[in-house]
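S.K.: Dumping the structure here so I can ask a few things about it.
What follows draws every value from the coordinates through simple rules; no lab data is involved. Only a predicted model underlies this, so the values are computations on that prediction, with no experimental measurement involved. Quick reminder, even Gly has a Cβ in these numbers, built from the backbone with ideal geometry, and neighbours come from all protein chains shown.
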Amino acid sequence: MKSLEEKNELSYYNMGEMIGVHLTYENTNEEIIAVKREPRHQPPHLHNAMEIVCVTKGTLELGVGQELYHMETGDIGVVFPDVIHHYQVFSSEVNEAVFINAPQMIFGRFENVLRNKAPQYPVVKSDVIPDEVYRAVESIIDTGQNDIWVVQAYLQIILARCIPMMKLVEKSKIGSDDIIYRTVSYISANFNKSISLDGMAHDIGVSKFSLSRLFSKTFHSSFNQYVNEARLGYACQRIETTDDTLTEISMDSGFGSLRTFNRVFKEKYRLTPSEYRNKLQK
């Protein structure tokens, strides 16, 4: 862990700044996204990519299913594909983490495990993680690596060292009941479209009242708030890792107009999307 801490002291940015890597496999839509930034609250969601998170400063809470796992500096969390997860930040201190999303194309010899299993405890503690794992994380995020095959090799190192340290169980034993899974899956797949509570209730086969109560009691938000959280999370990732225009990002995120995007973004983060992008570039 020593090399990672030393690297962070000399890192390219301080609190509020960010380093990102966004690589796409040729002739596909598959991509590897890596970003080092201040962590933020993210509501329950899932995706068919694998997610690796390494805390580089402070602390972070990783929620998987019904459980919340505390992470400290140097800890690494591995979220398998199609597993509901979320993030919480309770500490007011300086917090920073590397988040890496990797598609199924990189799974290699771990494909069967990643598809069918899940860690009973998804966090590997820093005291058992070998230095080569931290070097792999650093090499992905800090060197501006632009060769996707090199990045894929580094990810294979991380998996080869971390997965054997985890107790794996059937994926069906990790997570939530069917209605929660269907709800999160639906939002994750459709947040960038024009969706409504009525339409979603019809599509997943539950009553509008039951679905509204689920959002209130389980997610502690309304349907619209939850959808906007998903859209904002996607939009922030695009702002952090691409040079796409804010108009493109707003449309691809499902906001419908740049005006709506600006309003919702500022309500959440106290600054506009353009101010956020400028802050990252300083």
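S.K.: Using amide H atoms built in the peptide plane, which far-off residues or other-chain residues are under 5 Å from Tyr69 H to H?
M.R.: Leu62, Gly63, Val64
S.K.: Report, to two decimal places, the Cα Rg of the chain normalised by 2.2 N^0.38 Å (N = number of residues).
M.R.: Ratio of Rg to 2.2 N^0.38 Å for the chain: 0.99.
S.K.: For segment 145-212 and segment 225-247, write down the distance between their C-alpha centroids in whole Å.
M.R.: With segment 145-212 and segment 225-247 each reduced to a Cα centre, they are spaced 18 Å.
S.K.: If we count other beta carbons within 10 Å of each Cβ, what is the order of Arg259, Arg115, Arg37, fewest first?
M.R.: Arg259, Arg115, Arg37
S.K.: Right, another one. Please arrange Ile163, Ile32 by how many other C-beta atoms lie within 10 Å of their C-beta, fewest to most.
M.R.: If I rank by nearby Cβ atoms, fewest first, I get Ile163, Ile32.
S.K.: Could you give me the percent of Cα pairs per 5 Å distance bin for segment 189-282, shortest bin first, beginning at zero and ending with the bin that holds the maximum distance?
M.R.: Per 5 Å bin, starting at 0, the Cα pair percentages come out as 2, 13, 23, 21, 15, 12, 8, 4, 1, 0.
S.K.: Dipole of the chain (Lys/Arg Cβ +1, Asp/Glu Cβ -1, origin at the Cα centre): which of Gln88, Val150, Pro103 lies farthest to the positive side?
M.R.: Selected residue: Gln88.
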